[in-house]
Amino acid sequence: MNPDNSEYDVLFAELTAVLAEKTEAAVEARTTLRDAVCAYVSVEQERGIPLETIIQAVKQLLRAAENDGARTSDALAVQLIDWCVEFHRSSKSPEPAIIS
């Protein structure tokens, strides 16, 4: 059974609009989440907190969000940890060169 072209066109336009809207919202949410993780890492790093402790705190926050009913995934946990490591490395001051 083939839908007539007008039904197809309406459904296709509807799907396109929903995908565009949800994709834009997801990208914005991901950016906001990444910015929050990076800001947290920065503050904790300035306080001298080791990366391992920062990662454990982020994992605890994720577990708390899950307990509050938020649906998360293993992929999100991995992404949060990756951001912690990435930002921790990129925000470190370079070691001074040792001249012999």
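The values are calculated or read from the model by the stated rules, or taken from the named source; none is laboratory data. For clarity, every value in this text was computed on a predicted model and none was experimentally measured. Note that each Cβ is placed from the backbone with ideal geometry, even for glycine, and that neighbours are counted across all protein chains shown.
Give the residues of the stretch 39-73 that are under 17 Å from Arg89 (Cα atoms), in contact with a helix residue (DSSP H, G or I) (Cβ under 8 Å, 6 or more places away or on another chain) and not aliphatic (A, V, I, L, M), sorted by residue number.
Residues satisfying the conditions are Tyr40, Ser42, Glu44, Gln45, Thr53.
In the list Ala70, Ala39, which residue meets the criterion of being exposed (fewer than 14 other Cβ atoms within 10 Å of the Cβ) and at pLDDT below 90?
On inspection, the qualifying residue turns out to be Ala70.
Report whether or not Ser6 is exposed (fewer than 10 other Cβ atoms within 10 Å of the Cβ), part of a helix (DSSP H, G or I) and either over 18 Å from the mean Cα position of the chain (by Cα) or of a type outside the set (D, E, K, R) (or both). Please lay out each step first, then the result.
Numbers: exposed (fewer than 10 other Cβ atoms within 10 Å of the Cβ): yes; part of a helix (DSSP H, G or I): yes; either over 18 Å from the mean Cα position of the chain (by Cα) or of a type outside the set (D, E, K, R) (or both): yes.
The answer is yes for Ser6.
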